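To keep things clear, I will list the structure first and then write my remarks on it.
Read-outs: derived from the displayed coordinates by stated rules, not from any lab. These numbers come from a predicted model, not from an experiment. Reconstructed Cβ throughout: ideal geometry from the backbone, glycine too, with neighbour counts over all protein chains shown.
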Amino acid sequence: MNEPPPIGVYVHWPYCARICPYCDFNVYKNKQIDAERWLHALKRDLKYWAAKTNERKLVSLYFGGGTPSLAPLDLVAGVIETCENLWGFEADPEITLEANPTDAEQARFQNFADAGVNRLSLGVQSLNDEALKFLGRDHDAAAARRAIEAAQSAFKHYTFDLIYALPDQSETDWERDLKDALSFQPPHLSLYQLTIEPDTAFEKAVARKAWTPPDEGLSADLFALTQEVTSASGLPAYETSNHAHDGEASKHNLLYWRYQDYIGVGPGAHGRITLNGKRVATETHRTPEDYLTAVEQHGHGAALVETLDQEAQLAERLSMGLRLKEGIPLYADDYFYTDDARANRLNELVRDGFLFLDCGTLRATPKGAVMLNSLISRLLT
């Protein structure tokens, strides 16, 4: 008998102490909340989806945001308990909670561990005070270092994020900062180039020429340097922006990149679930009040439940899976095998050294990894 496919749960906590100027996530300024109402809504939403998938055990539970480390401890513990009761966890599950390095949040790390969280994701972003000020963060470098040390004390599994390709950042600057981060010997690192997202404060700043992002050539050089330095330190990339020791890759994020199943609850959360042999996309109501009201009135928070056709699934598989070093499998019914024009474009990209195709597995080469969006657009035209 075949084992049921893996599945995870993503819980979106929408509140932050402040909104960072580069952030385009579904977040809201922190305020007084009704913790009991929130927990009841999340539990009811989870119960709705568990009824459709409860023959499967969870490999992961991820509290993202926003800043879920600002959520009431009882809410986090209650969601973990609810997931255990509704689905149960696979052996050695990953239960991740995102946190910022503020002193107030650090004081709660051990409490979250005691509640069942076994992996912490720290939004460090930089270990440089000047960069942190530019990024609009509410911690300094000293607090970031204390937070990393606190995470090491409370959790065997942890990761932290850094943002690079900042204005006027040279290769020498980034190499120094990266090696500083690696000196903590983290089991996992997420290293993101700064991107200017629509409708953010940074987009407005760039539009009025307050500052200029690095050009594409320097960005590509910084990316190559990142791969070189992390690999030499025993923390190679397993995904475009994520680096880990063996056994430390994020189980939850691998569900996304491998195009497997996950349930999304909380305001604006997305999900991808296989139901009755069909691939279904879900999205909840975005605003906190709309989400809470929907759950209370309908038993779930979904604003969208849509069956994806083959073309949409292929686009998602490519955009997610080509980020992985392991690549993605191509299937006999993919349009690459039934559409001659697409097959020719794929072969051209392989021939030109952007993609590598071997025994039905498609991977981006180092040359192609820095321009994935344009490659995927070319493949799907």
Kirkwood hydrodynamic radius (C-alpha pairs) into Stokes-Einstein, the range 7-255, 20 °C and 1.002 mPa s, D in µm²/s: 112
Which whole-Hz ³J(HN,Hα) couplings does the range 282-294 yield from phi under the Karplus relation 6.51 cos²θ - 1.76 cosθ + 1.60, θ = phi - 60°, glycine and proline marked x? 10, 8, 8, 4, 7, 7, x, 5, 5, 5, 4, 5, 4
Under a 5 Å amide H to amide H cut-off, with H placed in plane at 1.01 Å, what residues pair with LEU362 once short-range neighbours are removed? ILE328, LEU330
Please report the spacing between the Cα centers of the range 357-381 and the range 126-196 in Å, no decimals. 29
Sort GLU175, GLU105 so the one with the fewest other Cβ atoms within 10 Å of its own Cβ comes first. GLU175, GLU105
What list do you get for SER60, SER377 if you sort them by fewest beta carbons within 10 Å? SER377, SER60
For the chain, Cys with no neighbouring Cys Cβ under 4.7 Å: CYS16, CYS83, CYS359
Could you state the number of Å between the C-alpha centres of the range 277-292 and the range 224-250? 33
Hey, how many Å between the Cα centroid of the range 78-120 and the Cα centroid of the range 1-24? 13
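Anything over 26 Å Cα to Cα? Flag those among LYS204/LYS251; LYS133/LYS179; LYS31/LYS133; LYS47/LYS278; LYS43/LYS251; LYS179/LYS367, in the order listed. List each step's numbers first, then the result.
Working: LYS204/LYS251 36 Å; LYS133/LYS179 21 Å; LYS31/LYS133 24 Å; LYS47/LYS278 21 Å; LYS43/LYS251 23 Å; LYS179/LYS367 24 Å.
Violating the 26 Å Cα-Cα cut-off are LYS204/LYS251.
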Sorted by Cβ density within 10 Å, fewest first, the residues ILE95, ILE328: ILE328, ILE95
Compare the Cα positions of HIS243, GLY268, GLN297 along the charge dipole of the range 225-304 (+1 at Cβ of Lys, Arg; -1 at Cβ of Asp, Glu; about the Cα centre) and return the one farthest towards the positive end. GLN297
Pull up all non-local amide H partners of ALA17: gap of 5 or more, or a different chain, and H-to-H distance under 5 Å with H placed in the peptide plane. ASN30
Residue-wise HN-Hα coupling along the range 322-334, computed from phi with Karplus coefficients 6.51, -1.76, 1.60 (Hz; x: Gly, Pro): 6, 6, 7, 4, 6, x, 9, x, 9, 10, 4, 9, 5
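In whole percent, what relative contact order does the chain give with Cα contacts below 8 Å and a gap of six or more residues?
Numbers: 681 pairs, mean separation 59.1, N = 381.
After rounding, I find 16 percent.
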